[in-house]
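Peer 1: Below is a structure I'd like to ask you about.
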Amino acid sequence: MIVIKKFMFGPFQVNTYLLWDKSTKECAVIDPGCYNETEETNLENFISSNNLKVKYLLLTHCHIDHVMGCAFIKQKYNPSFFVPDNDLALLLDVQSQADLFNLILNPPPPHDNLISKDLVLYLGDNKIEFIFTPGHTSGEYCIYLKDENICITGDVLFKGGIGRTDLWGGDYQTLMDSIKTKLFSLPDDVTIYPGHGENSKIGIEKTSNPFFK
């Protein structure tokens with residue numbers, strides 16, 4: 001069984017997720033947006049108090065708000081760090097993104113592995129798959145746990161909204177195609193956990209999201 005915890009971090013109020021297997025306590029940190037020492041301490045205390053073993057550091061995409069805590073997580077826990085293959089250039093040039101917003105950035109560490117369409121990971125016996133959903137960036141992936149009806153949608157699909165396409169790597173038609181052909185083909189009862197804002201369900205977004213009326 002998978003347990004999920006959401007934190008809201010940083011000046012962009014990004015959702016950082018912890019996923020862990022209830023039996024083994026193996027954990028993945030997804031899109032760490034922790035920006036200051038207080039946020040880092042909150043995350044560290046939660047991991048410690050729940051006896052979690054941080055196995056993976058996963059990025060849905062490589063915009064500045066989703067990567068600000070990568071250096072902290074890697075240094076503290078040394079998990080395997082996975083980066084979307086087509087977003088690697090964004091990560092390598094993340095300082096330019098930080099400069100645009102006048103942010104002080106602790107540079108992300110070198111990646112250990114690349115996320116691709118065929119990648120499969122496990123937390124305990126729980127299978128993690130990756131759905132290629134470009135459009136917000138050219139390389140974004142959603143993180144899907146089929147048996148748990150969980151999909152972490154990054155900045156692709158939100159409750160009542162979609163990701164911006166006016167930032168690095170964005171393309172509106174590509175984003176819409178990704179949502180319609182990839183995410184809306186998932187079962188209606190899959191819960192989406194977006195990069196900002198509240199959770200929703202695939203079925204709810206198919207019928208009520210104003211971008212698809």
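We did not get these values from a lab; they are worked out from the coordinates using the rules stated. Being a predicted model, the structure only gives us computed values, none of them experimental. Quick reminder, even Gly has a Cβ in these numbers, built from the backbone with ideal geometry, and neighbours come from all protein chains shown.
Peer 1: Translational D (Stokes-Einstein, µm²/s) of the chain at 37 °C and 0.692 mPa s when Rh comes from the Kirkwood sum over C-alpha pairs? Walk me through the numbers on the way to the answer.
Peer 2: Numbers: Rh = 17.0 Å.
In µm²/s, the coefficient is 193.
Peer 1: Give, rounded to the nearest 20 debye, the magnitude of the charge dipole that the chain has about its Cα centre when Lys and Arg contribute +1 at Cβ and Asp and Glu contribute -1 at Cβ. List each step's numbers first, then the result.
Peer 2: Numbers: 18 positive and 27 negative charges, 99 e Å.
In total the dipole reaches around 480 debye.
Peer 1: Mind checking the stretch 69-158 for chymotrypsin sites (Phe, Trp or Tyr not before Pro) that DSSP puts in a loop (not H, G, I, E or B) and that have at most 16 other Cβ atoms within 10 Å? Provide the component values of the computation, followed by the final result.
Peer 2: Values: sites: 72, 77, 81, 82, 101, 122, 130, 132, 141, 144, 158; in loops: 101.
Listed in order of number, the matching sites are 101.
Peer 1: Another question, then. Eigenvalues of the Cα gyration tensor times 5, then square-rooted: what semi-axes does that give for the stretch 106-171, in whole angstrom, largest first?
Peer 2: Values: eigenvalues 99, 62, 22 Å².
Equivalent ellipsoid semi-axes, largest first: 22, 18, 10 Å.
Peer 1: Across every pair of different alpha-carbon atoms, what Kirkwood hydrodynamic radius in Å does the stretch 25-70 reach?
Peer 2: Details: mean 1/r = 0.0908 Å⁻¹.
For the stretch 25-70, inverting the mean 1/r across all distinct Cα pairs yields 11.0 Å.
Peer 1: Just want the answer: with Cβ charges of +1 for Lys and Arg and -1 for Asp and Glu, which residue in 209, 136, 29 is farthest toward the dipole's positive end in the chain?
Peer 2: 209
Peer 1: Which three lengths, in whole Å and largest first, does the stretch 144-213 cover when its Cα atoms are put on their principal axes?
Peer 2: Principal-axis extents of the stretch 144-213 (Cα, largest first): 33, 23, 21 Å.
Peer 1: At 222 nm, what helix-only mean residue ellipticity would the chain give, in deg cm²/dmol to the nearest 500, using -39500 (n - 2.57) for each DSSP H run of four or more? Working shown, then result.
Peer 2: On the way: 6 runs with 47 residues, N = 213.
About -6000 deg cm²/dmol.
Peer 1: Work out the length of the dipole vector of the stretch 114-163 about its Cα centre, built from +1 on the beta-carbon of each Lys and Arg and -1 on the beta-carbon of each Asp and Glu, and round it to the nearest 20 debye. Please report the intermediate quantities before stating the final value.
Peer 2: On the way: 4 positive and 7 negative charges, 24 e Å.
Roughly 120 debye, rounded to the nearest 20.
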